[in-house]
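Inspection log for the structure reproduced underneath, given as structure tokens.
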Amino acid sequence: MSGPNIDEYDPIIPGPNDFLAVSQEDFLANFGQLYNAFARNHVALDHAVLTPGNHTNIELLQQVKGPETSVGENSLYSKKLTQINQTTTQLFFRYQGGQAAGKEVQMTNYQLYSPGTQQLGLISLFTYLPGGLILYFGIVNFSKTNANTLYLAPFICTTVMAFNFTAKDNPGNEPTIVFHSERPGIVTTIQAQPAFGRTLFPAFPDVEYYFVVLGNTT
Amino acid sequence: MSYNTAIPQAASKRVISQKQIKANFTAIFNAFAKNHAKLGPTDTQGKHNMMILRPQALNPATSPTQAAIYNKKVATIPNLFYRPSNNQTPIQMTYPSIGVNPNASTQYSFVAGPFVVYTGVLINPASGTVVNVLPATTLRYVGLGVSNFIGGTSIVETHAIPTNIAGNSFTIRYEVPLSGSSRNIFYLAIGN
């Protein structure tokens, strides 16, 4: 159901000297405008089945900064984020105010997209953790990749905080790791080196490694 | 002036009702502007600027076609919860704190559950080094990675493993070399 075609809501009607005929139109306009506004993101005021006041969805308009929260409150909002020369709108969570923990937490990160064509010997996936951490994971076969290299795509990782490689069928061949930055401030690749004392040739036989890499993007 | 649900009265004079009705329209306008784009601009009114969530004492009921996002306290700290449809078990989406300073050698974040995900790097720790992660949870997973290994003259396994995983601590173990070597060890741990 749609409301009448009306002008904008007027918060200061009726005037003290308005005739009832004028006020009646003003009332109708305000009730109609209120109805139309409330129907966006919310169950309509006159819905016959659902509960008016419940939300249907939440469209979050981009904020310049996070809202203040009081003790006991937290908040969700969207804010512009410029990161690695990309400007996007991301979801933020803010702890309760009035305490040291009342800071904002970035809940989503960059824009999700496919890392692109999978290089030979690599299945690479990624997801995000609150606070701007990125988790890369998948399977890599170093004997099939160029220069024993694992690419951390998308290239938004500024600091590698953790990694782990587990050989699928050949335990004991877990590599040692060297990080490389091919772009300023960004860790773009991990290069695997064979464990000291290993004489296997090639350096990494046809072994698949389950890998996980956790990095910070802020 | 707060919203008055009992106006206008049938016996009220017009001059009284006019002020009351105007006050109610103003109160509606001001209340709606909280959390929402203000009433007026037809392209944005009704959309949200934010959602400031007041703590709920109870989990909200959800029907088979509903889901809910809400604020509920864990101990004294309000956290974000999600309740799936049909009154399924609520899921805590946030942890009471987070530490993701990119310059810190140890960091932690969280995932729904909540589980706390810890990361950190130790510069050439001795085998047997005990790591205590904070804030304390019960660790369910610990994985280690070795980087920047510099070997001595002996054959040394560069593989490090976590041992004695209990509570919020674990011990780093690796084969101690006969001669000098060094390594950095990264850890990824998950607890709840």
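Leaving out same-chain residues fewer than 8 places away, which lysines sit with a Cα under 23 Å from that of residue A:168? Here the lysines satisfying the reach criterion relative to residue A:168 are A:144.
Counting, for every residue in B:65-73, the Cβ atoms of other protein chains within 10 Å of its Cβ and taking the mean gives 2. When only alpha carbons of the range B:106-191 are considered, Rg and Dmax amount to 13.8, 47 Å. Between B:11, B:36, B:49, the Cα set farthest toward the positive side of the dipole of the range B:1-50 (charges on each charged residue's Cβ, about the Cα centre) is that of B:11. Computed about the Cα centre, the dipole magnitude for the range B:1-50 is approximately 200 debye when only Lys and Arg (+1) and Asp and Glu (-1) carry charge, each at its Cβ. Once both labels are positioned 7 Å from their Cα atoms along Cα-to-Cβ, the gap between residue A:55 and residue A:210 label points is 3.6 nm. Subtracting the Cα-Cα distance of residue B:97 and residue B:42 from 0.36 nm times their residue separation leaves 15.9 nm of extension gain. Distant-in-sequence amide contacts of residue A:129, defined by a placed amide H-H separation under 5 Å and a gap of 5 or more residues or a different chain, comprise A:134, A:135.
Shielding value for A:67-77 is 6, the average number of Cβ atoms from other chains within 10 Å of each residue's Cβ.
Phi angles of the range A:35-45 translate, via the Karplus equation with coefficients 6.51, -1.76, 1.60 and θ = phi - 60°, into HN-Hα couplings of 4, 5, 5, 5, 5, 7, 6, 10, 5, 4, 4 Hz per residue; Gly and Pro are given as x. Global dimensions of the range B:1-50 from alpha-carbon coordinates: Rg and Dmax equal 13.7, 42 Å. Taking a quarter of the surface of the Cα convex hull of chain B gives a mean projected area of 18.3 nm². Across the options B:27, B:149, B:192, the greatest Cα extent toward the positive end of the charge dipole of chain B (unit charges at beta carbon of Lys, Arg, Asp, Glu) belongs to B:27.
This model, with +1 at the C-beta of Lys and Arg and -1 at the C-beta of Asp and Glu, gives the protein assembly as shown a dipole about its Cα centre of some 700 debye. Expressed per residue, the C-alpha convex hull volume of the range B:51-134 stands at 131 Å³.
Length gained on full extension, residue B:89 to residue B:173: 26.3 nm, using 0.36 nm per residue less the C-alpha separation. Amide H contacts under 5 Å for residue A:83: A:88, restricted to partners 5 or more places along the chain or on a different chain, H placed in the peptide plane at 1.01 Å from N. Quick one: what does P(r) look like for the protein assembly as shown with 10 Å bins over all Cα pairs, in whole %? Whole-percent P(r) values from 0 Å outward: 4, 17, 23, 19, 14, 9, 6, 4, 2, 0, 0.
Taken about its Cα centre, chain B carries a charge dipole of about 1380 debye when Lys and Arg each add +1 at the Cβ and Asp and Glu each add -1 at the Cβ. What angle do you read, to the nearest 10 degrees and between 0 and 90, between the alpha-carbon axis of helix B:14-32 and the longest principal axis of chain B? Result, in degrees: 10.
Counting, for every residue in A:29-35, the Cβ atoms of other protein chains within 10 Å of its Cβ and taking the mean gives 3. As a length-normalised measure over Cα pairs under 8 Å and 6 or more apart, the relative contact order of chain B settles at 14 percent. Each of B:62, B:137 was scored by other Cβ atoms within 10 Å of its Cβ. Listed from fewest to most, they are B:62, B:137. Report summary: the helix-based calculation at 222 nm, which adds -39500 (n - 2.57) for every DSSP H run with n ≥ 4 and divides by the residues of chain B, gives -3500 deg cm²/dmol. Roughly speaking, what is the centre-to-centre gap between the range A:60-78 and the range B:30-88 when only Cα atoms are used, to the nearest Å? Cα centres, the range A:60-78 to the range B:30-88: 12 Å.
Bear in mind that the values in this text are calculations on the coordinates, not laboratory data. Bear in mind that the values here come from a model prediction, so they are computed numbers and not experimental data. Reconstructed Cβ throughout: ideal geometry from the backbone, glycine too, with neighbour counts over all protein chains shown.
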